[in-house]
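Peer 1: What follows is a structure written as structure tokens; I'll ask about it next.
The values are calculated or read from the model by the stated rules, or taken from the named source; none is laboratory data. Here the structure is a predicted model, which means the values were calculated and not measured. Here Cβ is always computed from backbone atoms with ideal geometry, including for glycine, and neighbour counts include all displayed protein chains. Each accessible area value is taken on the protein alone, full model and side chains, heavy atoms only, with ligands, DNA and RNA left out. Shrake-Rupley method; radii C 1.70, N 1.55, O 1.52, S 1.80 Å.
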Amino acid sequence: MSNKEVKAALKSARDAIRNKEYKEALKHCKAVLKQEKNNYNAWVFIGLAAAELEQPDQAKGAYKKAIELEPNQLLAWQGLANLYEKPNQTDVKGDLADVYQKLLELYESGDKQKWCDVCNKLVELYHQEKKYVEVAETWQKLIRMKQEEGAEKAELHQLWKRMIQLLKDSTRNQDNKTGQLLLTAFEHALNSADMVPGEDHQNLYKDFIQCLSKFPHEVARLEKACHDMMALYPTISYPLEVLCLHFVHSGTLSEKALHCFSRLLEMDASSGPGIIGFGIKCLKERKYKEAVKSLTEGLQKTNQCPVAWHYLAEAQMKIHEHRNAVLSCNQALEALGTPEGPNLRWKNLALQLKAETLIKIADADAAEEANKALEQIVDASSDPVVSALRGRAYLNKGLIDQASKISQELLLSHPDLAEAHALEGFIHYSQKNYEQAEKSFLNAIEKKAGTAEYHQYLGLTYWFMSDETKKDKGKALTQFLKAAKLDSYLGKAFCYLGNYYRDIAGDKSRARGCYKKAFELDEMDEESGTAAVNLSVELGDMDTALSILNEVTGKARPGTAKWAWLHRGLYYLRTGQPSQAVADLQAALRADPKDSNCWESLGEAYLNRGSYSTALKSFRKASELNPGLVYSIYRAAALEQILGKYENAIATYQQILKKTENYVPALKG
């Protein structure tokens, strides 16, 4: 076959392909290859025809042979790209990317439009594969090409915005290189915007700041972007809100942070991040109730601040709202999810705070939950404070041996750790080894003098150690006073101060004040509430007694606060108000239906009201519950007499006289 015949055969092959006669084209190409086995065009045409005949392997082989012959010729590369782009081609994305790279190289010095088309395809391919670094680098080449061609500012702006769109999901991977490329794209897009200030530019700035806030190491850049946006858009609160949230997450309360919180609240008094910031400021200033109020309000307004739940739990812990603090810790942990980086530190802190709070609740179930929380802390085994908490959880469960083992290990490995000595003290105190407990608590106080709980337990140790230490003003009293001074929300310290002033010093007025304070701090503390009421009565101050009882009964759920209902019922009975006495004594019995004395008092109230039948039933119930209540049996007999049930009355009187021969009211009856 002559050179002329080869050309003719190739022309026939091209015409056959144009006419979609692909088998005919293959015949012509094979004829050429018999004569010239390295004919580039023949191999390209075979690739084309085989691809159309659904013979991808043959097509690929032909194109690759052509490329081998002429690596810098376009046709075979274009054909291979078209083949790989077909929907039935799978697992070829890596090969297709290589083909696009070669096409970019070949088009670079020629057809700029085709170069841009291939560049777009390559970027889309990388994006599908989530290869964000390659996406960014390739798109930057496209932008450079456009800049060299003298593209308009508006076109370049749209290209930078497109790059942001392509890379916006990459922040989940926390890849530093991609992150830097994304932030660079934002900066270029902001600098190339036409309308400044303007709505699109403002939204772009918000997106930029939001993106920066996801990179913990870009603090300086974030602060600068927020300040720059505030300068351009002084009425928009968004950059200030982001800055406030940044300061909250950082865990530091600098002057800069405080200024940011107050400036945001001046701009928008209802801003969630601003209110949260103010709450944290109150927490640091020891204004715990204000902190709880502000943090609760702020969290209702924003769900972007899991760390605020931790601060709320801390404030609740300070005012001894332990169960609420546990709930807030749970909210923090749920909002943090499975974090990395700085959020992992917050998760560990929330778990530790949850465990501390559960230990304060001091029952076996809470102790079990505390141990579960401690087990989830990363690197907990290397933290001696966490080990001490685990020891206290074991102690609350009654597992003395495990608690003692941890205590001994900590005292050996960390002899200067206050928590280690305190744990030893709690163990001795629980076993009534008061002399050893005293030594341990004194050691703990020496290491950490500002912990109210250590002073409280040292005071309790002296209280129960002996009559001498209980009466010694320099011992129990001093420790309770120190505890109350260090923690003004520690109700138990005020309760024991009340015990001291009432039982040792004989100062009823001061004792009443301490009990009242203890009860205000903990409305579940019946001992303090009862003592405050009783002392008020003894001091002739019925107004104070009633105000305490009214407050408790006003808040009480059905079946609770028996002591308050009983005290107020007895007050009404004494002051000739039998109907009110009946209502209160019934409420007391709902809380404890087996209290015989309460039934006796209820009978007395019914009697005073003139309800004889119900009074009779109440006295009978009292004597059933406690057959030793002679007064109730006598009252029942007297009522039977009033109601004309004489035989029953006589039998009941005789029953009393069998037990108590000279019981005058029965003889008289």
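Peer 1: Tell me which GluC sites (Glu not before Pro) from the range 49-105 have a DSSP coil assignment and no more than 11 other beta carbons within 10 Å of their own.
Peer 2: Within the range 49-105, the qualifying GluC sites (Glu not before Pro) (loop, at most 11 other Cβ atoms within 10 Å) are GLU54.
Peer 1: What 222 nm value per residue comes from the helices of the chain, counting each DSSP H run with n ≥ 4 as -39,500 (n - 2.57) and dividing by all residues, nearest 500 deg cm²/dmol?
Peer 2: About -24500 deg cm²/dmol.
Peer 1: Taking the Cα centre of the range 30-109 as origin, work out the dipole magnitude from +1 charges on Lys and Arg Cβ and -1 charges on Asp and Glu Cβ, in debye rounded to 20.
Peer 2: 300
Peer 1: Which angle from 0 to 90°, rounded to the nearest 10, does the C-alpha axis of helix 384-396 make with the longest principal axis of the chain?
Peer 2: 40
Peer 1: Let me ask something else about it. Near LYS206, which lysines are there with a Cα under 20 Å away, not counting those fewer than 8 places off in the same chain?
Peer 2: The qualifying lysines are LYS161, LYS168, LYS214, LYS224, LYS301.
Peer 1: For the range 195-304, just list the percent of Cα-Cα distances falling in each 5 Å bin from zero outward, please.
Peer 2: The percentages, shortest bin first, are 2, 13, 22, 24, 20, 11, 6, 2, 1, 0.
Peer 1: I need the calculated FRET efficiency for the pair LYS301 and ALA8, taking r as the beta carbon distance and R₀ as 60 Å, to the nearest 0.05.
Peer 2: Efficiency, rounded to the nearest 0.05: 0.15.
Peer 1: Continuing with the same structure: How much accessible area per residue does the chain have, in Å², with a 1.4 Å probe?
Peer 2: With the other protein chains kept in place, the chain gives 51 Å² per residue.
Peer 1: If you work out Rg and Dmax of the Cα atoms in Å from the coordinates, which of [x] 59.4, 228; [y] 56.9, 177; [z] 42.7, 152 do you get?
Peer 2: Step by step, Rg and Dmax of the Cα atoms in Å for this structure corresponds to label [z].
Peer 1: Excluding ligands and nucleic acids, what accessible area in Å² is computed for TRP309 using a 1.4 Å probe, to the nearest 10?
Peer 2: 60
Peer 1: Give me the aspartates and glutamates in straight-line cross-link reach of LYS177: C-alpha distance below 18 Å, same-chain residues under 8 apart excluded.
Peer 2: Within the straight-line limit of under 18 Å, LYS177 reaches these aspartates and glutamates: GLU129, GLU134, GLU137, ASP169, GLU187, GLU218.
Peer 1: Another question, if that's okay. For the pairs LYS256/LYS284; LYS318/LYS492; LYS360/LYS432; LYS23/LYS93; LYS360/LYS517, flag any whose C-alpha to C-alpha distance is greater than 18 Å.
Peer 2: In this structure, LYS360/LYS432; LYS23/LYS93; LYS360/LYS517 exceed 18 Å between Cα atoms.
Peer 1: Given Cβ point charges of +1 (Lys, Arg) and -1 (Asp, Glu) and nothing else, what value in debye, to the nearest 20, does the dipole of the range 465-595 about its Cα centre take?
Peer 2: Rounded to the nearest 20 debye, it is 160 debye.
Peer 1: Something else: Convex hull over the Cα atoms of the range 1-109, averaged projected area in nm²?
Peer 2: Answer in nm², one decimal: 6.9.
Peer 1: OK, next. State the extension gain, in nm to one decimal, for the chain segment bounded by VAL133 and GLU54, taking 0.36 nm per residue of separation less the distance between their alpha-carbons.
Peer 2: Here the segment from VAL133 to GLU54 would lengthen by 24.9 nm.
Peer 1: Another one. Of ALA25, GLN304, THR614, which is farthest on the positive side of the dipole of the chain, counting Cα position, with +1 on Lys and Arg Cβ, -1 on Asp and Glu Cβ, and the Cα centre as origin?
Peer 2: With unit charges placed on the Cβ atoms, the residue in question is THR614.
Peer 1: Still on this structure, I have one more. Farthest toward the dipole's positive end in the chain, which of TYR500, THR338, GLY61, given Cβ charges of +1 (Lys, Arg) and -1 (Asp, Glu) about the Cα centre?
Peer 2: TYR500
Peer 1: Ok, one more. Between ASP503 and GLU148, what length in nm is gained on full extension when 0.36 nm per residue of separation is reduced by their alpha carbon distance?
Peer 2: Going from the current span to full extension adds 118.4 nm.
Peer 1: Something else now. Pop out the carbon and sulfur fraction of the accessible area of the chain as a percent, whole number, probe 1.4 Å.
Peer 2: Percent of accessible area from carbon and sulfur atoms in the chain: 48.
Peer 1: Round to the nearest 10 and give me the degree value, 0 to 90, for the angle of helix 176-191's Cα axis relative to the longest principal axis of the chain.
Peer 2: 80
Peer 1: As an exercise, identify the GluC sites (Glu not before Pro) in the range 118-214 lying in DSSP coil whose Cβ has no more than 14 other Cβ atoms within 10 Å.
Peer 2: GLU129, GLU149, GLU152
Peer 1: Tell me the trypsin sites (Lys or Arg not before Pro) within the range 127-203 that lie in a loop according to DSSP and have at most 13 other beta-carbon atoms within 10 Å.
Peer 2: Counting only loop positions with at most 13 other Cβ atoms within 10 Å, the trypsin sites (Lys or Arg not before Pro) in the range 127-203 are LYS130.
Peer 1: Related question: Given charges of +1 on the Cβ of Lys and Arg and -1 on the Cβ of Asp and Glu, with all other atoms neutral, how large is the dipole of the range 195-304 about its Cα centre, in debye to the nearest 20?
Peer 2: Dipole of the range 195-304, to the nearest 20 debye: 540 debye.
Peer 1: Using the charge dipole of the range 102-215 (Lys, Arg: +1 at Cβ; Asp, Glu: -1 at Cβ; taken about the Cα centre), state which of PHE208, GLY110, THR178 has its Cα farthest towards the positive end.
Peer 2: Going by the Cα projections, it comes out as THR178.
Peer 1: How about LYS470: which aspartates and glutamates have a C-alpha closer than 14 Å to its C-alpha, ignoring those fewer than 8 places off in the same chain?
Peer 2: List returned: GLU435, GLU438, ASP503.
Peer 1: Given labels modelled 7 Å from the Cα in the Cβ direction, how far is it in nm from ARG590 to GLN376?
Peer 2: Here the modelled spin labels are 3.8 nm apart.
Peer 1: Go through LEU159, LEU166 and list them by solvent-accessible area, largest first, probe radius 1.4 Å.
Peer 2: LEU159, LEU166
Peer 1: Ok, one more. Helix 452-465: angle to the longest alpha-carbon principal axis of the chain, degrees 0 to 90, nearest 10?
Peer 2: It is inclined by approximately 30 degrees.
Peer 1: Taking 56 Å as R0, compute the FRET efficiency from the Cβ-Cβ separation of GLU468 and MET542 and round it to 0.05.
Peer 2: Between GLU468 and MET542 the formula returns 0.90.
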